[in-house]
Amino acid sequence: MGTPDFAVATAQAIWDAGHQIVLVVTQPDKPKGRGGKVQYPPVKQWAMEREIPVYQPKRIRDEEAVHMLREQTADIFIVAAFGQILPKDVLDIPPLGCVNVHASLLPKYRGAAPIQWAVINGDAVSGVTTMQMGEGLDDGDMLLKEEVVLAPDETGGSLFDRLAEVGGRLCVQTMEALAAGTIQPIPQDETQATHVGMIKKSLGDLDFTRSAEALERLVRGLNPWPSAYTRLEGKTLKIWRARVAEGCPECSGQAQALPAGQICHVADDGIYVATGEGFLVLEEIQLEGKKRMAVADFLRGRTIAPGTVLGS
């Protein structure tokens, strides 16, 4: 049971390990783009290419869906970024239970978007936990864990790819250990549990009263989706890459002495913006209606005057 690319990596690992996938369950198809063309979830596309049956219930808890799942000859249900919470009627079906592949080191970061939040919050380490699913949100007993150290330039996209690969490998290890009876479930410490919400597009609207360090992490965490952004002369300006600078070549004082969001220095190596603490140097940007490009390329076709305030 899964929907996005993260789940495809898990399905592929199960397939490559020689296990039989009797059914793939994913979210319903959705129209996308201005033309409203129906797009298959990545997991459905993957399954169709391998002639694996696909089931797409609107609600997994509906009687029809529960009956469909009871009819399967599955030993275990694997869940990876499925997008629906399984009811007890479904959890009780497979002999080896329902195993969730979760992209965080539980009990930290229960809920949606744990990958992006790990980058946004400046975590040094993330990872994957497999768990025996319970009726709550990511509260089941933990089975296996694997840590991943974040790189200094880690983005939400790069960490997604790394954890997807780890998740697939860890899932196969978990399945085989459960079948052999060699794994000991460990209850989560509820006092250590933290929850994170879904990522909304509005989160990317940069508030320059915050520190440059926090803003730089937000830029990386929201790359590639939904991306960090601000406004430049009435147009949306996406920020794809930035760095933190304590000082500015044009300024003798501290960033907080300037209006938040004010551009104080423009050069090929970056656009210096004053923040609540330090300077955020924009290195790769994309103006509304234009291509994504390095600042040096952007400045060849446009002049930005120091003193311009972003977001206004």
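Every read-out reported here was derived from the displayed coordinates using simple, explicitly stated rules and does not represent laboratory data. Quick caveat: nothing in here was measured; it's all calculated off a predicted structure. A quick note on method: Cβ atoms are made from the backbone with ideal geometry, for glycine too, and the neighbour counts reach across all protein chains shown.
Based only on other Cβ atoms within 10 Å, what is the fewest-to-most ordering of GLU190, GLU176, GLU277? Please report the intermediate quantities before stating the final value.
Working: GLU190 8, GLU176 13, GLU277 17.
Listed from fewest to most nearby Cβ atoms, that is GLU190, GLU176, GLU277.
Scaled to the compact-protein estimate 2.2 N^0.38 Å, what is the alpha-carbon radius of gyration of the stretch 201-300, rounded to two decimal places? Don't jump to the answer; show the numbers that get you there.
On the way: Rg = 12.4 Å, N = 100, 2.2 N^0.38 = 12.7 Å.
Output field value: 0.98.
List the cysteines of the chain that have no other Cys Cβ closer than 4.7 Å: which are they?
Singleton cysteines: CYS98, CYS171, CYS264.
Spin-label point model (7 Å from Cα, Cβ direction): what's the GLU190 to TYR55 distance in nm?
Between GLU190 and TYR55, the label points sit 3.2 nm apart.
Positive end of the charge dipole of the chain (Lys, Arg +1 and Asp, Glu -1 on Cβ, about the Cα centre): tell me which of ILE183, HIS67, VAL149 has its Cα farthest that way.
HIS67
So what is the 222 nm mean residue ellipticity for the chain from helices alone, if each DSSP H run of at least 4 adds -39500 (n - 2.57) and you divide by all residues, rounding to the nearest 500 deg cm²/dmol?
It comes out at -7500 deg cm²/dmol, rounded to the nearest 500.
Quick check for me: using +1 on Lys/Arg Cβ and -1 on Asp/Glu Cβ, what's the dipole size of the stretch 5-196 about its Cα centre, in debye to the nearest 20?
With Lys and Arg at +1 and Asp and Glu at -1, about 660 debye.
Over the Cα atoms, compute the radius of gyration (one decimal) and Dmax (the largest Cα-Cα distance, rounded to a whole number) for the chain, in Å.
22.8, 72
Which pairs, out of LYS108/LYS290; LYS37/LYS200; LYS37/LYS108; LYS44/LYS290; LYS200/LYS290; LYS30/LYS201, put more than 29 Å between their alpha-carbon atoms?
Details: LYS108/LYS290 39 Å; LYS37/LYS200 23 Å; LYS37/LYS108 38 Å; LYS44/LYS290 33 Å; LYS200/LYS290 23 Å; LYS30/LYS201 19 Å.
Exceeds cut-off: LYS108/LYS290; LYS37/LYS108; LYS44/LYS290.
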